[in-house]
Amino acid sequence: MSKKIISYISIAELFMAFIAYFAFAYHFETDPKIMRILANTDATATLLRLCIYIVPGINLINGMFGIIFSSKGLLFFVMLLEILAAYLTLSYTGKSDFMNVLGVIMIVLAILDIVCLIFHKPKKKEKTPKKKKSAD
């Protein structure tokens with residue numbers, strides 16, 4: 001059951017990657033607080049410029065890995081990256097309520113995904129007996 005939930009969350013994250021890219025692009029062009037930060041050349045401005053690619057990219061990677069892979073360690077690492085991306089989103093919300101909601105949704109999905117990973121127990125495959133060779 002929890003692998004099915006992980007798949008649904010992964011599909012939602014793929015959809016969110018598409019929304020996040022356009023939301024960041026629009027937000028960075030229209031928010032005066034963000035525009036003042038982008039005018040500088042310090043580390044904060046560089047990280048902010050990279051956020052337009054980092055956050056949707058992490059959502060895309062998280063969605064693809066959740067659908068394709070079943071390794072708990074790899075998926076857990078990607079969920080931690082998702083929480084980092086959500087933190088970046090919440091750090092640079094500026095005056096946009098939509099960006100705040102997007103960051104909160106990302107954190108909730110990542111935590112729900114981690115909970116599903118913790119309680120997911122893969123099905124054990126039954127071993128089929130080998131056929132004995134007959135003497136012909």
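Per residue, segment 32-79 exposes 57 Å² of solvent-accessible protein surface, assessed with a 1.4 angstrom probe and all protein chains in place. If one puts a single equal scatterer on every Cα of segment 61-112 and applies the Debye formula without solvent, what log₁₀ I(q)/I(0) results at q = 0.16, 0.20, 0.26 Å⁻¹? Values, matching the q order: -0.47, -0.66, -0.92. In the calculated pair distance distribution of segment 33-91, what percentage of Cα-Cα distances lie above 13 Å? Tail of P(r) above 13 Å: 63 percent of Cα pairs. Computed over segment 1-112, the Cα gyration tensor eigenvalues convert (square root of 5λ each) into semi-axes of 27, 13, 11 Å, ordered from largest to smallest.
Over all other residues within a Cβ to Cβ distance under 10 Å of residue 113, the charged ones net out to -2, with Lys and Arg as +1 and Asp and Glu as -1.
The label-point distance for residue 50 and residue 97, in a model that sets each label 7 Å from Cα toward Cβ, rounds to 3.3 nm. The share of accessible area on segment 7-99 that comes from carbon and sulfur is 72 percent, using a 1.4 angstrom probe.
Taking 0.36 nm per residue of separation and subtracting the current Cα-Cα distance, fully stretching the chain between residue 30 and residue 3 would add 5.8 nm. Maximal additional length on extending the residue 118-residue 72 stretch stands at 15.7 nm, based on 0.36 nm per residue less the C-alpha distance.
In plain terms, the chain from residue 11 to residue 80 could stretch by 23.1 nm, reckoned as 0.36 nm per residue minus the Cα-Cα distance.
The values are calculated or read from the model by the stated rules, or taken from the named source; none is laboratory data. Everything numeric here is computed off the predicted structure, so don't read it as measured data. Positions of Cβ are backbone-derived with ideal geometry, glycine not excepted, and every protein chain shown enters the neighbour counts. Accessible surface areas use protein heavy atoms only, side chains included; no ligands, DNA or RNA. Shrake-Rupley method; radii C 1.70, N 1.55, O 1.52, S 1.80 Å.
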